[in-house]
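These notes are about the structure you will find just below.
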Amino acid sequence: MDVGGASRPGELRVAGLGGTFAPTWYDTAAAELPHPKKGSARATELADKRRHFVREQVEACKTLRDVDVFLTHEAAKPFRPFPGGRGPEAGKSQINEVLAAMRPRLHLFGHHHRFSEQEREGVRSVGLDLVSRSYLLVDARTLEYEFHATA
């Protein structure tokens, strides 16, 4: 699945936006993000640049409709990554923009590796933990989920 596109596994319509936000790369076209050459001294540095989402991908996601599940690497704002809502505010407003426009039935994100439940832009938004600590079982029909601690 390309970023900005959607697919239908079974009866679900799923869309995704990978990567984190980097202000210096945000207005770069996705095709213009540098490609690393394996084995080069700058390979790791250039590969890091490709891990960011850019404006054109956000705008493409905002046009999608009838999406059941929206998957992102990053959280929507506001998000405080530490237990009890402590820590610096994280999350990115671009995710909020997509949620407001797309209106998916469920938003799942990673990045912070802490299970959390919140509502953003009228959408249930769930932060996923490390799989070594927990996982979710999601009912494909209702999109209700069960939290399971990993033994």
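Scanning region 101-117 for residues that are open to solvent by less than 50 Å² (accessible area, probe 1.4 Å) and at pLDDT 95 or above gives A101, M102, P104, L106, H107, L108, F109.
Only strands (runs of 3 or more DSSP E) wholly contained in region 95-147 count here; list those with 3 or more residues that are among the aliphatic types (A, V, I, L, M). Quick ask: steps written out before the conclusion?
Values: elements: 106-109, 116-120, 123-127, 134-138.
It comes to 134-138.
Any chance region 16-34 includes a residue that's in a strand (DSSP E or B), on the phi < 0 side of the Ramachandran plot and at pLDDT 95 or above?
yes
Kindly establish whether E59 is open to solvent by 50 Å² or more (accessible area, probe 1.4 Å), over 20 Å from the mean Cα position of the chain (by Cα), over 16 Å from H107 (Cα atoms) and modelled with pLDDT of 80 or more.
Values: open to solvent by 50 Å² or more (accessible area, probe 1.4 Å): yes; over 20 Å from the mean Cα position of the chain (by Cα): no; over 16 Å from H107 (Cα atoms): yes; modelled with pLDDT of 80 or more: yes.
The answer is no for E59.
Restricting region 62-82 to residues that are at pLDDT below 85 and open to solvent by 40 Å² or more (accessible area, probe 1.4 Å), the residue that is farthest from A31 (Cα to Cα) is F82.
Restricting to region 83-94, count the residues that are surrounded by 18 or more Cβ atoms within 10 Å (Cβ to Cβ) and assigned to a helix (DSSP H, G or I). Spell out how you get there, then give the answer.
The initial filter retains those residues of region 83-94 that are surrounded by 18 or more Cβ atoms within 10 Å (Cβ to Cβ), namely 91-92, 94.
Adding the requirement that they be assigned to a helix (DSSP H, G or I) leaves 94.
Selection size over region 83-94: 1.
Residue count for region 51-82 satisfying the condition of being over 22 Å from L12 (Cα atoms), part of a loop (DSSP other than H, G, I, E, B) and of a type in the set (K, R): 3. In region 68-83, the residues that are touching a residue at least 40 places away in the same chain (Cβ under 8 Å) reach residues that are surrounded by fewer than 19 Cβ atoms within 10 Å (Cβ to Cβ) and among the aromatic types (F, W, Y) with C-beta atoms within less than 8 angstrom, at least six apart or across chains, in these pairs: E74/F21.
The values are calculated or read from the model by the stated rules, or taken from the named source; none is laboratory data. Model, not experiment: these values are computed from the prediction. Note that each Cβ is placed from the backbone with ideal geometry, even for glycine, and that neighbours are counted across all protein chains shown. SASA here: full protein model, heavy atoms, side chains in, ligands and nucleic acids out. Shrake-Rupley method; radii C 1.70, N 1.55, O 1.52, S 1.80 Å.
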